[in-house]
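One structure is given here, and the rest of the page talks about it.
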Amino acid sequence: MGEVHHFINGVAVAGTSGRFGEIFDPNTGKVQGKVALATKAEMGAAVDAASAALPGWAGTNPQRRARVMFEFKRLVEANIDELAYMLSVEHGKVIADSKGDVQRGLDVVEFACGIPHLLKGEYTEGAGPGIDVYSMRQPLGVCAGITPFNFPAMIPCWMSAVAIACGNTFILKPSEKDPSVPMRLAELMMEAGLPKGVLNVVNGDKEAVDAILTHPDIKAVSFVGSSDIAQYVYSTGTAHGKRVQAMGGAKNHGIILPDANLEQAVKDIVGAAYGSAGERCMALPVAVTVGKKTGDEFVERMIDAARGLKVGISTDADAHYGPVVSAAHKAKVENYIQMGVDEGANLLLDGRGLTLQGNEGGYFIGPNLFDNVTASMQSYKEEIFGPVLQVMRVETLEEAAALPSNHQYGNGCAIFTSNGRAAREFAAQVNVGMVGVNVPIPVPVAYHTFGGWKRSAFGDTNQHGPEGVRFWTKIKTITQRWPEGDIGDQAFVIPTMG
Ligand code: NAD
(Lines give C-alpha, C1' and ligand atoms only; values in the text may rest on other atoms or scores of the structure.)
Protein backbone atom coordinates (compact mmCIF):
# COMPACT_ATOMS: atom_id res chain seq x y z
CA MET A 1 0.00 0.00 0.00
CA GLY A 2 1.48 3.31 -1.06
CA GLU A 3 2.06 6.21 1.29
CA VAL A 4 2.12 9.80 0.06
CA HIS A 5 3.93 12.35 2.19
CA HIS A 6 5.27 15.82 1.38
CA PHE A 7 7.82 17.31 -0.98
CA ILE A 8 9.67 20.17 0.67
CA ASN A 9 12.89 21.90 -0.34
CA GLY A 10 13.51 19.48 -3.18
CA VAL A 11 13.21 16.25 -1.20
CA ALA A 12 10.54 13.85 -0.01
CA VAL A 13 9.71 14.56 3.63
CA ALA A 14 7.76 12.19 5.88
CA GLY A 15 4.70 13.65 7.54
CA THR A 16 4.92 14.05 11.31
CA SER A 17 1.31 14.76 12.28
CA GLY A 18 0.36 11.10 12.69
CA ARG A 19 -2.84 11.96 10.80
CA PHE A 20 -3.52 10.30 7.44
CA GLY A 21 -6.24 10.33 4.84
CA GLU A 22 -7.19 7.15 2.98
CA ILE A 23 -6.71 6.95 -0.77
CA PHE A 24 -9.32 4.71 -2.36
CA ASP A 25 -9.37 2.85 -5.64
CA PRO A 26 -12.81 3.93 -6.90
CA ASN A 27 -12.90 0.89 -9.19
CA THR A 28 -12.93 -1.49 -6.22
CA GLY A 29 -13.84 0.66 -3.23
CA LYS A 30 -10.71 -0.63 -1.48
CA VAL A 31 -8.13 1.50 0.27
CA GLN A 32 -4.99 1.55 -1.89
CA GLY A 33 -2.84 4.00 0.02
CA LYS A 34 -2.71 6.74 2.58
CA VAL A 35 -1.76 10.38 2.48
CA ALA A 36 -0.12 12.33 5.29
CA LEU A 37 -2.15 15.32 6.50
CA ALA A 38 0.14 18.22 7.38
CA THR A 39 0.19 20.35 10.49
CA LYS A 40 0.58 24.12 10.59
CA ALA A 41 4.26 23.62 11.51
CA GLU A 42 4.88 21.43 8.46
CA MET A 43 3.27 24.09 6.26
CA GLY A 44 5.54 26.60 8.01
CA ALA A 45 8.60 24.53 7.02
CA ALA A 46 7.50 24.63 3.38
CA VAL A 47 7.01 28.40 3.55
CA ASP A 48 10.53 28.74 5.01
CA ALA A 49 11.97 26.69 2.13
CA ALA A 50 10.03 28.72 -0.43
CA SER A 51 11.14 31.99 1.20
CA ALA A 52 14.79 30.93 1.13
CA ALA A 53 14.54 30.00 -2.56
CA LEU A 54 12.77 33.21 -3.54
CA PRO A 55 15.61 35.71 -4.07
CA GLY A 56 17.56 33.34 -6.32
CA TRP A 57 14.55 32.31 -8.39
CA ALA A 58 13.02 35.79 -8.70
CA GLY A 59 16.49 36.99 -9.78
CA THR A 60 16.86 34.27 -12.42
CA ASN A 61 16.29 35.74 -15.88
CA PRO A 62 12.95 34.79 -17.45
CA GLN A 63 14.57 32.91 -20.32
CA ARG A 64 16.23 30.50 -17.90
CA ARG A 65 12.98 30.08 -16.02
CA ALA A 66 11.27 29.29 -19.33
CA ARG A 67 13.89 26.64 -20.11
CA VAL A 68 12.85 24.71 -17.01
CA MET A 69 9.28 24.75 -18.38
CA PHE A 70 10.45 23.45 -21.77
CA GLU A 71 12.30 20.59 -20.09
CA PHE A 72 9.36 19.88 -17.76
CA LYS A 73 7.10 19.61 -20.80
CA ARG A 74 9.48 17.10 -22.38
CA LEU A 75 9.62 15.01 -19.20
CA VAL A 76 5.83 14.98 -18.73
CA GLU A 77 5.37 13.90 -22.34
CA ALA A 78 7.91 11.10 -21.82
CA ASN A 79 6.03 9.95 -18.70
CA ILE A 80 2.46 10.53 -19.83
CA ASP A 81 1.44 6.86 -19.80
CA GLU A 82 2.60 6.39 -16.20
CA LEU A 83 0.95 9.65 -15.13
CA ALA A 84 -2.35 8.79 -16.86
CA TYR A 85 -2.47 5.35 -15.23
CA MET A 86 -1.69 6.78 -11.78
CA LEU A 87 -4.40 9.41 -12.30
CA SER A 88 -6.96 6.93 -13.56
CA VAL A 89 -6.69 4.52 -10.62
CA GLU A 90 -6.98 7.25 -7.96
CA HIS A 91 -9.60 9.44 -9.67
CA GLY A 92 -11.59 6.89 -11.68
CA LYS A 93 -11.58 8.69 -15.03
CA VAL A 94 -10.73 6.50 -18.02
CA ILE A 95 -7.16 6.40 -19.32
CA ALA A 96 -7.82 8.46 -22.49
CA ASP A 97 -9.52 11.15 -20.40
CA SER A 98 -6.66 11.01 -17.87
CA LYS A 99 -4.24 11.72 -20.71
CA GLY A 100 -6.43 14.67 -21.66
CA ASP A 101 -6.15 15.93 -18.06
CA VAL A 102 -2.34 15.81 -18.30
CA GLN A 103 -2.37 17.34 -21.80
CA ARG A 104 -4.54 20.31 -20.76
CA GLY A 105 -2.00 20.94 -17.99
CA LEU A 106 0.82 20.74 -20.51
CA ASP A 107 -0.93 23.35 -22.64
CA VAL A 108 -0.49 25.80 -19.77
CA VAL A 109 3.15 24.76 -19.38
CA GLU A 110 3.61 25.60 -23.09
CA PHE A 111 2.03 28.99 -22.42
CA ALA A 112 4.44 29.51 -19.51
CA CYS A 113 7.36 28.79 -21.87
CA GLY A 114 6.58 32.21 -23.39
CA ILE A 115 7.14 34.01 -20.10
CA PRO A 116 10.02 36.24 -21.31
CA HIS A 117 7.65 37.79 -23.82
CA LEU A 118 4.73 37.97 -21.37
CA LEU A 119 6.77 39.86 -18.73
CA LYS A 120 8.18 42.50 -21.09
CA GLY A 121 6.20 45.37 -19.59
CA GLU A 122 5.38 48.72 -21.19
CA TYR A 123 7.41 51.78 -22.08
CA THR A 124 6.59 55.34 -23.10
CA GLU A 125 9.42 57.44 -24.35
CA GLY A 126 8.96 61.18 -23.84
CA ALA A 127 5.82 61.07 -21.66
CA GLY A 128 6.87 64.62 -20.65
CA PRO A 129 9.87 66.81 -21.49
CA GLY A 130 12.83 64.47 -21.02
CA ILE A 131 10.63 62.07 -19.09
CA ASP A 132 10.16 58.36 -19.82
CA VAL A 133 7.66 56.06 -18.14
CA TYR A 134 8.00 52.30 -17.95
CA SER A 135 6.30 49.49 -16.10
CA MET A 136 7.53 46.10 -15.04
CA ARG A 137 5.81 43.01 -13.69
CA GLN A 138 7.53 41.60 -10.62
CA PRO A 139 6.85 38.33 -8.78
CA LEU A 140 4.72 38.48 -5.64
CA GLY A 141 6.88 36.19 -3.48
CA VAL A 142 5.81 32.90 -1.89
CA CYS A 143 2.48 31.81 -3.39
CA ALA A 144 0.17 28.84 -2.87
CA GLY A 145 -2.34 26.73 -4.81
CA ILE A 146 -5.12 24.55 -3.38
CA THR A 147 -6.60 22.11 -5.88
CA PRO A 148 -9.68 19.84 -6.25
CA PHE A 149 -9.78 16.10 -6.94
CA ASN A 150 -11.29 16.27 -10.40
CA PHE A 151 -8.29 17.51 -12.44
CA PRO A 152 -5.22 16.39 -10.45
CA ALA A 153 -2.82 17.17 -13.33
CA MET A 154 -4.36 20.11 -15.19
CA ILE A 155 -5.26 22.38 -12.28
CA PRO A 156 -1.92 22.10 -10.41
CA CYS A 157 -0.27 23.06 -13.75
CA TRP A 158 -2.67 26.02 -14.28
CA MET A 159 -1.38 27.50 -11.06
CA SER A 160 2.19 26.34 -10.51
CA ALA A 161 3.49 26.68 -14.09
CA VAL A 162 2.42 30.31 -14.46
CA ALA A 163 3.29 31.34 -10.88
CA ILE A 164 6.76 29.77 -11.06
CA ALA A 165 7.53 31.06 -14.56
CA CYS A 166 6.67 34.54 -13.26
CA GLY A 167 9.46 34.20 -10.65
CA ASN A 168 7.46 33.22 -7.57
CA THR A 169 8.13 30.27 -5.33
CA PHE A 170 5.21 27.96 -4.74
CA ILE A 171 3.44 25.61 -2.34
CA LEU A 172 0.85 23.23 -3.73
CA LYS A 173 -1.80 21.65 -1.50
CA PRO A 174 -3.44 19.00 -3.71
CA SER A 175 -6.72 17.21 -3.07
CA GLU A 176 -6.21 14.51 -0.47
CA LYS A 177 -8.36 12.17 -2.61
CA ASP A 178 -5.81 11.79 -5.45
CA PRO A 179 -2.45 13.29 -4.44
CA SER A 180 -0.06 10.98 -6.33
CA VAL A 181 -0.06 12.76 -9.70
CA PRO A 182 0.63 16.25 -8.26
CA MET A 183 3.53 14.72 -6.26
CA ARG A 184 4.96 13.06 -9.37
CA LEU A 185 4.62 16.29 -11.37
CA ALA A 186 6.58 18.14 -8.67
CA GLU A 187 9.37 15.54 -8.89
CA LEU A 188 9.47 15.96 -12.66
CA MET A 189 9.62 19.74 -12.35
CA MET A 190 12.63 19.39 -10.04
CA GLU A 191 14.21 16.97 -12.49
CA ALA A 192 13.66 19.60 -15.18
CA GLY A 193 16.05 21.89 -13.32
CA LEU A 194 13.99 23.82 -10.79
CA PRO A 195 16.15 24.84 -7.80
CA LYS A 196 15.16 23.26 -4.48
CA GLY A 197 12.44 25.09 -2.55
CA VAL A 198 10.88 26.73 -5.62
CA LEU A 199 8.07 24.15 -5.76
CA ASN A 200 6.88 22.37 -2.60
CA VAL A 201 3.95 20.01 -2.22
CA VAL A 202 2.30 19.81 1.19
CA ASN A 203 -0.56 17.33 1.51
CA GLY A 204 -3.39 17.85 3.91
CA ASP A 205 -6.94 18.87 4.68
CA LYS A 206 -8.56 21.94 6.27
CA GLU A 207 -5.67 22.31 8.75
CA ALA A 208 -3.17 22.71 5.90
CA VAL A 209 -5.51 25.06 4.01
CA ASP A 210 -5.97 27.25 7.09
CA ALA A 211 -2.21 27.31 7.61
CA ILE A 212 -1.86 28.69 4.06
CA LEU A 213 -4.63 31.26 4.47
CA THR A 214 -3.22 32.71 7.68
CA HIS A 215 0.54 32.51 7.05
CA PRO A 216 1.95 36.05 6.94
CA ASP A 217 4.63 35.19 4.34
CA ILE A 218 2.27 33.78 1.68
CA LYS A 219 1.34 36.59 -0.69
CA ALA A 220 -1.20 35.01 -3.04
CA VAL A 221 -3.49 31.98 -3.06
CA SER A 222 -5.23 30.33 -5.98
CA PHE A 223 -8.03 27.90 -5.14
CA VAL A 224 -10.25 25.62 -7.22
CA GLY A 225 -12.97 23.51 -5.59
CA SER A 226 -16.56 23.71 -4.41
CA SER A 227 -18.23 27.11 -3.96
CA ASP A 228 -18.73 27.22 -0.19
CA ILE A 229 -15.05 26.38 0.38
CA ALA A 230 -14.05 28.82 -2.40
CA GLN A 231 -15.94 31.59 -0.64
CA TYR A 232 -14.34 30.66 2.69
CA VAL A 233 -10.87 30.63 1.12
CA TYR A 234 -11.50 33.98 -0.57
CA SER A 235 -12.82 35.74 2.52
CA THR A 236 -10.22 34.27 4.92
CA GLY A 237 -7.28 34.78 2.58
CA THR A 238 -8.17 38.37 1.70
CA ALA A 239 -8.82 39.14 5.40
CA HIS A 240 -5.21 38.08 5.95
CA GLY A 241 -3.97 40.51 3.31
CA LYS A 242 -3.50 38.03 0.46
CA ARG A 243 -4.36 38.26 -3.20
CA VAL A 244 -6.88 35.43 -3.76
CA GLN A 245 -8.64 33.88 -6.73
CA ALA A 246 -11.09 31.11 -5.81
CA MET A 247 -12.97 29.13 -8.46
CA GLY A 248 -16.09 27.27 -7.34
CA GLY A 249 -18.82 24.92 -8.53
CA ALA A 250 -20.92 25.00 -11.67
CA LYS A 251 -24.19 24.10 -13.33
CA ASN A 252 -23.68 24.57 -17.05
CA HIS A 253 -26.60 24.76 -19.46
CA GLY A 254 -26.69 23.73 -23.12
CA ILE A 255 -29.45 25.44 -25.11
CA ILE A 256 -30.75 23.63 -28.18
CA LEU A 257 -32.61 25.77 -30.70
CA PRO A 258 -35.01 24.25 -33.27
CA ASP A 259 -32.51 24.94 -36.08
CA ALA A 260 -29.64 23.04 -34.38
CA ASN A 261 -28.06 19.99 -35.98
CA LEU A 262 -29.75 17.69 -33.47
CA GLU A 263 -27.75 14.59 -34.27
CA GLN A 264 -24.49 16.44 -33.59
CA ALA A 265 -25.89 18.21 -30.51
CA VAL A 266 -26.84 14.84 -28.97
CA LYS A 267 -23.35 13.46 -29.69
CA ASP A 268 -21.79 16.55 -28.11
CA ILE A 269 -24.02 16.61 -25.05
CA VAL A 270 -23.82 12.89 -24.27
CA GLY A 271 -20.04 13.26 -23.88
CA ALA A 272 -20.27 16.56 -22.03
CA ALA A 273 -22.91 15.32 -19.58
CA TYR A 274 -21.61 11.84 -18.80
CA GLY A 275 -17.87 12.00 -19.61
CA SER A 276 -15.66 11.65 -16.51
CA ALA A 277 -18.89 10.52 -14.74
CA GLY A 278 -20.03 14.16 -14.84
CA GLU A 279 -17.23 15.20 -12.47
CA ARG A 280 -16.11 18.22 -14.49
CA CYS A 281 -16.72 21.84 -13.63
CA MET A 282 -17.32 22.37 -17.35
CA ALA A 283 -19.61 19.35 -17.74
CA LEU A 284 -22.97 20.05 -19.33
CA PRO A 285 -25.58 18.65 -16.91
CA VAL A 286 -28.57 20.75 -18.10
CA ALA A 287 -30.03 20.64 -21.63
CA VAL A 288 -32.60 23.33 -22.40
CA THR A 289 -34.67 22.52 -25.47
CA VAL A 290 -36.61 25.26 -27.26
CA GLY A 291 -39.99 24.17 -28.67
CA LYS A 292 -41.91 20.92 -28.16
CA LYS A 293 -40.68 19.23 -31.33
CA THR A 294 -37.02 19.91 -30.48
CA GLY A 295 -37.59 18.67 -26.92
CA ASP A 296 -39.31 15.45 -27.97
CA GLU A 297 -36.71 14.60 -30.61
CA PHE A 298 -33.79 15.49 -28.35
CA VAL A 299 -35.07 13.32 -25.49
CA GLU A 300 -35.78 10.39 -27.80
CA ARG A 301 -32.29 10.49 -29.26
CA MET A 302 -30.64 11.14 -25.90
CA ILE A 303 -32.28 8.07 -24.32
CA ASP A 304 -30.68 5.91 -27.01
CA ALA A 305 -27.31 7.65 -26.81
CA ALA A 306 -27.12 7.46 -23.00
CA ARG A 307 -28.33 3.85 -22.93
CA GLY A 308 -25.52 2.94 -25.30
CA LEU A 309 -22.81 4.15 -22.93
CA LYS A 310 -20.47 1.63 -21.40
CA VAL A 311 -19.64 2.22 -17.76
CA GLY A 312 -16.54 0.29 -16.78
CA ILE A 313 -13.42 0.27 -14.67
CA SER A 314 -11.25 3.26 -15.46
CA THR A 315 -8.51 1.20 -17.09
CA ASP A 316 -10.98 -0.47 -19.50
CA ALA A 317 -10.15 1.03 -22.90
CA ASP A 318 -13.73 0.44 -24.11
CA ALA A 319 -15.45 2.22 -21.21
CA HIS A 320 -16.95 5.67 -21.86
CA TYR A 321 -16.66 6.58 -18.22
CA GLY A 322 -15.62 5.03 -14.92
CA PRO A 323 -16.68 5.26 -11.28
CA VAL A 324 -17.19 8.46 -9.30
CA VAL A 325 -14.47 9.37 -6.85
CA SER A 326 -15.74 8.14 -3.46
CA ALA A 327 -18.50 6.28 -1.66
CA ALA A 328 -19.66 9.55 -0.10
CA HIS A 329 -19.87 11.21 -3.50
CA LYS A 330 -21.77 8.25 -4.95
CA ALA A 331 -24.32 8.54 -2.12
CA LYS A 332 -24.60 12.30 -2.68
CA VAL A 333 -25.29 11.91 -6.41
CA GLU A 334 -27.86 9.17 -5.76
CA ASN A 335 -29.58 11.39 -3.18
CA TYR A 336 -29.91 14.12 -5.81
CA ILE A 337 -31.48 11.59 -8.20
CA GLN A 338 -34.05 10.68 -5.56
CA MET A 339 -34.61 14.39 -4.88
CA GLY A 340 -35.35 14.94 -8.58
CA VAL A 341 -37.89 12.10 -8.53
CA ASP A 342 -39.52 13.46 -5.36
CA GLU A 343 -39.71 16.93 -6.89
CA GLY A 344 -41.69 15.60 -9.84
CA ALA A 345 -39.14 15.44 -12.67
CA ASN A 346 -39.48 12.42 -14.99
CA LEU A 347 -36.60 10.00 -14.52
CA LEU A 348 -36.30 8.36 -17.95
CA LEU A 349 -33.03 6.55 -17.21
CA ASP A 350 -32.12 5.47 -13.70
CA GLY A 351 -28.44 4.61 -13.24
CA ARG A 352 -28.62 3.85 -9.53
CA GLY A 353 -27.75 0.42 -8.25
CA LEU A 354 -25.27 -0.39 -11.00
CA THR A 355 -22.72 -3.01 -10.03
CA LEU A 356 -19.95 -4.43 -12.17
CA GLN A 357 -19.19 -8.12 -11.87
CA GLY A 358 -15.84 -8.55 -10.16
CA ASN A 359 -15.87 -4.90 -9.04
CA GLU A 360 -18.92 -4.95 -6.79
CA GLY A 361 -17.38 -2.46 -4.33
CA GLY A 362 -16.65 0.16 -7.02
CA TYR A 363 -18.42 3.53 -7.03
CA PHE A 364 -20.26 3.11 -10.33
CA ILE A 365 -23.38 5.01 -11.35
CA GLY A 366 -25.05 4.40 -14.69
CA PRO A 367 -26.29 7.27 -16.87
CA ASN A 368 -29.33 9.16 -15.53
CA LEU A 369 -31.70 11.22 -17.65
CA PHE A 370 -34.40 13.52 -16.31
CA ASP A 371 -37.09 15.20 -18.42
CA ASN A 372 -39.37 18.11 -17.44
CA VAL A 373 -37.02 19.59 -14.86
CA THR A 374 -38.07 23.07 -13.70
CA ALA A 375 -36.19 26.05 -12.29
CA SER A 376 -37.86 25.77 -8.88
CA MET A 377 -36.46 22.28 -8.20
CA GLN A 378 -33.67 22.03 -5.63
CA SER A 379 -32.01 19.29 -7.70
CA TYR A 380 -31.72 21.88 -10.50
CA LYS A 381 -30.50 24.73 -8.32
CA GLU A 382 -27.56 22.77 -6.92
CA GLU A 383 -24.50 21.16 -8.48
CA ILE A 384 -24.85 17.35 -8.66
CA PHE A 385 -21.41 16.56 -10.16
CA GLY A 386 -22.39 13.11 -11.38
CA PRO A 387 -23.62 11.30 -14.54
CA VAL A 388 -27.01 13.03 -14.50
CA LEU A 389 -28.50 15.05 -17.39
CA GLN A 390 -31.51 17.25 -16.63
CA VAL A 391 -33.68 18.30 -19.57
CA MET A 392 -35.72 21.50 -19.30
CA ARG A 393 -38.28 22.49 -21.87
CA VAL A 394 -39.08 26.08 -22.87
CA GLU A 395 -40.79 27.80 -25.80
CA THR A 396 -38.48 30.72 -26.62
CA LEU A 397 -34.79 31.57 -26.72
CA GLU A 398 -35.43 34.38 -24.21
CA GLU A 399 -36.82 31.88 -21.67
CA ALA A 400 -33.90 29.54 -22.36
CA ALA A 401 -31.24 32.24 -21.96
CA ALA A 402 -32.78 33.43 -18.69
CA LEU A 403 -32.05 30.04 -17.06
CA PRO A 404 -28.20 30.18 -17.08
CA SER A 405 -28.30 33.95 -16.55
CA ASN A 406 -30.38 33.64 -13.37
CA HIS A 407 -28.68 30.52 -11.97
CA GLN A 408 -26.46 30.94 -8.89
CA TYR A 409 -23.52 29.46 -10.85
CA GLY A 410 -22.09 31.04 -13.99
CA ASN A 411 -19.14 28.95 -15.09
CA GLY A 412 -19.94 27.90 -18.67
CA CYS A 413 -22.86 27.41 -21.04
CA ALA A 414 -23.40 26.49 -24.67
CA ILE A 415 -25.83 27.16 -27.46
CA PHE A 416 -26.52 24.77 -30.34
CA THR A 417 -27.92 26.50 -33.43
CA SER A 418 -27.28 27.28 -37.09
CA ASN A 419 -28.39 30.89 -36.61
CA GLY A 420 -25.28 33.06 -36.26
CA ARG A 421 -27.20 36.13 -35.18
CA ALA A 422 -29.02 34.30 -32.37
CA ALA A 423 -25.73 32.76 -31.17
CA ARG A 424 -23.94 36.11 -31.26
CA GLU A 425 -26.69 37.83 -29.30
CA PHE A 426 -26.82 34.99 -26.75
CA ALA A 427 -23.04 35.02 -26.25
CA ALA A 428 -23.05 38.78 -25.69
CA GLN A 429 -25.99 38.85 -23.27
CA VAL A 430 -25.72 35.71 -21.14
CA ASN A 431 -24.62 36.23 -17.51
CA VAL A 432 -21.98 33.46 -17.55
CA GLY A 433 -18.16 33.55 -17.83
CA MET A 434 -17.45 31.06 -20.68
CA VAL A 435 -19.71 30.39 -23.66
CA GLY A 436 -19.65 27.70 -26.34
CA VAL A 437 -21.32 28.11 -29.72
CA ASN A 438 -21.89 24.59 -31.03
CA VAL A 439 -19.07 23.65 -28.61
CA PRO A 440 -20.32 21.70 -25.58
CA ILE A 441 -17.36 22.17 -23.21
CA PRO A 442 -15.96 25.65 -23.92
CA VAL A 443 -12.79 25.38 -21.82
CA PRO A 444 -10.64 28.16 -23.27
CA VAL A 445 -7.20 27.30 -24.67
CA ALA A 446 -4.26 27.99 -22.34
CA TYR A 447 -3.26 31.32 -23.90
CA HIS A 448 -6.79 32.62 -23.33
CA THR A 449 -8.14 32.54 -19.82
CA PHE A 450 -10.41 30.37 -17.66
CA GLY A 451 -12.93 31.64 -15.16
CA GLY A 452 -16.63 31.75 -14.35
CA TRP A 453 -18.96 34.33 -12.89
CA LYS A 454 -21.28 34.57 -9.87
CA ARG A 455 -20.77 31.70 -7.36
CA SER A 456 -18.43 29.94 -9.80
CA ALA A 457 -15.55 32.30 -8.99
CA PHE A 458 -14.59 34.66 -6.18
CA GLY A 459 -11.98 37.31 -6.95
CA ASP A 460 -11.49 39.21 -10.16
CA THR A 461 -8.69 37.51 -12.08
CA ASN A 462 -8.98 34.34 -14.13
CA GLN A 463 -6.67 31.32 -14.41
CA HIS A 464 -3.81 31.18 -16.97
CA GLY A 465 -3.41 33.24 -20.12
CA PRO A 466 -2.52 36.94 -19.69
CA GLU A 467 -4.94 37.12 -16.72
CA GLY A 468 -2.85 34.46 -14.95
CA VAL A 469 0.31 36.49 -15.48
CA ARG A 470 -1.47 39.51 -13.99
CA PHE A 471 -2.61 37.47 -10.99
CA TRP A 472 0.88 36.12 -10.20
CA THR A 473 2.73 39.45 -10.60
CA LYS A 474 2.53 42.98 -9.29
CA ILE A 475 3.09 45.92 -11.55
CA LYS A 476 5.58 48.66 -10.80
CA THR A 477 5.63 51.88 -12.84
CA ILE A 478 8.72 54.06 -13.03
CA THR A 479 8.72 57.70 -14.15
CA GLN A 480 12.28 58.86 -14.82
CA ARG A 481 14.20 61.86 -16.03
CA TRP A 482 17.88 62.61 -16.28
CA PRO A 483 18.06 66.42 -16.27
CA GLU A 484 21.21 68.37 -16.86
CA GLY A 485 21.67 70.71 -13.90
CA ASP A 486 18.80 72.52 -12.11
CA ILE A 487 15.41 72.36 -13.86
CA GLY A 488 13.64 74.76 -11.44
CA ASP A 489 10.41 72.85 -10.78
CA GLN A 490 7.65 74.31 -8.57
CA ALA A 491 7.68 71.62 -5.89
CA PHE A 492 4.25 72.61 -4.51
CA VAL A 493 2.25 71.98 -7.66
CA ILE A 494 1.11 68.51 -8.71
CA PRO A 495 3.33 67.70 -11.69
CA THR A 496 1.57 67.72 -15.07
CA MET A 497 2.96 66.71 -18.43
CA GLY A 498 1.10 69.49 -20.29
P1 NAD B 1 -13.57 20.59 -2.43
O2 NAD B 1 -14.05 21.99 -2.25
O3 NAD B 1 -14.11 19.53 -1.55
O4 NAD B 1 -11.97 20.53 -2.23
C5 NAD B 1 -11.11 21.43 -2.87
C6 NAD B 1 -9.90 21.68 -1.98
O7 NAD B 1 -10.33 22.28 -0.77
C8 NAD B 1 -9.15 20.40 -1.61
O9 NAD B 1 -7.77 20.63 -1.71
C10 NAD B 1 -9.59 20.14 -0.18
O11 NAD B 1 -8.58 19.53 0.59
C12 NAD B 1 -9.88 21.54 0.35
N13 NAD B 1 -10.94 21.55 1.38
C14 NAD B 1 -11.99 20.70 1.47
N15 NAD B 1 -12.76 21.02 2.52
C16 NAD B 1 -12.19 22.09 3.11
C17 NAD B 1 -12.53 22.90 4.24
N18 NAD B 1 -13.61 22.66 4.98
N19 NAD B 1 -11.72 23.93 4.55
C20 NAD B 1 -10.64 24.20 3.80
N21 NAD B 1 -10.28 23.47 2.72
C22 NAD B 1 -11.03 22.43 2.38
O23 NAD B 1 -13.78 20.24 -3.98
P24 NAD B 1 -13.58 18.84 -4.69
O25 NAD B 1 -14.69 17.93 -4.31
O26 NAD B 1 -12.18 18.37 -4.54
O27 NAD B 1 -13.76 19.28 -6.22
C28 NAD B 1 -15.00 19.35 -6.87
C29 NAD B 1 -15.53 20.77 -6.90
O30 NAD B 1 -14.60 21.63 -7.54
C31 NAD B 1 -16.81 20.90 -7.71
O32 NAD B 1 -17.68 21.77 -7.03
C33 NAD B 1 -16.35 21.49 -9.03
O34 NAD B 1 -17.34 22.21 -9.74
C35 NAD B 1 -15.26 22.39 -8.56
N36 NAD B 1 -14.34 22.72 -9.63
C37 NAD B 1 -14.37 23.98 -10.12
C38 NAD B 1 -13.54 24.35 -11.16
C39 NAD B 1 -13.53 25.74 -11.70
O40 NAD B 1 -12.58 26.11 -12.36
N41 NAD B 1 -14.55 26.54 -11.44
C42 NAD B 1 -12.65 23.39 -11.70
C43 NAD B 1 -12.65 22.10 -11.17
C44 NAD B 1 -13.50 21.77 -10.12
For the range 457-479, name all the residues that are among the hydrophobic types (A, V, I, L, M, F, W, C) and farther than 13 Å from Ala220 by Cβ. Ala457, Phe458, Ile475, Ile478
Ala273: passes all of (1) in a loop (DSSP other than H, G, I, E, B); (2) within 26 Å of the chain's Cα centre (by Cα) but (1)
Among the numbered conditions (1) surrounded by fewer than 24 Cβ atoms within 10 Å (Cβ to Cβ); (2) within 13 Å of the ligand (Cβ to nearest atom), tell me where Ala277 comes up short. (1)
Looking at the structure I just gave you, is Pro442 in contact (Cβ under 8 Å) with a residue 12 or more places away in the chain, within 15 Å of the ligand (Cβ to nearest atom) and either at negative phi or part of a helix (DSSP H, G or I) (or both)? yes
Take Lys120 and decide whether it is charged (D, E, K, R) and either at pLDDT below 95 or away from the ligand (no atom under 16 Å from the Cβ) (or both). yes
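Table: residues versus (1) over 29 Å from Pro323 (Cβ atoms); (2) among the hydrophobic types (A, V, I, L, M, F, W, C).
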| position | (1), (2) |
| --- | --- |
| Gly100 | no, no |
| Asp107 | no, no |
| Gly126 | yes, no |
| Val133 | yes, yes |
Of the residues Val290, Val333, Val324, Val311, only one is touching a Leu at 6+ places or on another chain (Cβ under 6 Å), surrounded by 15 or more Cβ atoms within 10 Å (Cβ to Cβ) and in the same structural domain as Gln378 (by the TED database); which? Val290
Mind checking which pairs have a first residue in the range 401-416 that is under 16 Å from Ser456 (Cα atoms) and in a strand (DSSP E or B) and a second that is within 16 Å of the ligand (Cβ to nearest atom) and of a type in the set (Phe, Trp, Tyr), Cβ under 7 Å, 6 or more apart or different chains? Gly410/Trp453
Of all strands (runs of 3 or more DSSP E) completely enclosed by the range 123-178, which ones contain at least 3 residues that are surrounded by fewer than 18 Cβ atoms within 10 Å (Cβ to Cβ)? 131-139
Would you list the strands (runs of 3 or more DSSP E) that sit entirely within the range 199-264 and hold 1 or more residues that are near the ligand (Cβ under 8 Å from one of its atoms) and buried (at least 24 other Cβ atoms within 10 Å of the Cβ)? 218-224, 243-247
Would you tally the residues in the range 457-498 being among the polar types (S, T, N, Q) and either away from the ligand (no atom under 16 Å from the Cβ) or outside the structural domain of Pro139 (by the TED database) (or both)? 6
Name the residue, out of Val68, Val89, that is assigned by the TED database to the domain that holds Gly197, among the β-branched types (Val, Ile, Thr), farther than 18 Å from Pro174 by Cβ and part of a helix (DSSP H, G or I). Val68
Can you tell me how many residues within the range 342-356 are over 30 Å from the mean Cα position of the chain (by Cα) and surrounded by 15 or more Cβ atoms within 10 Å (Cβ to Cβ)? 5
Can you spot a residue in the range 459-477 that is part of a helix (DSSP H, G or I), at pLDDT 95 or above, of a type in the set (Lys, Arg) and within 23 Å of Trp57 (Cα to Cα)? yes
Evaluate the following for Phe426: is it buried (at least 18 other Cβ atoms within 10 Å of the Cβ), more than 16 Å from the ligand (Cβ to nearest atom) and at pLDDT 95 or above? yes
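The values are calculated or read from the model by the stated rules, or taken from the named source; none is laboratory data. These numbers come from a predicted model, not from an experiment. No Cβ is skipped: glycine too gets one built from the backbone with ideal geometry, and neighbour counts run over all protein chains shown.
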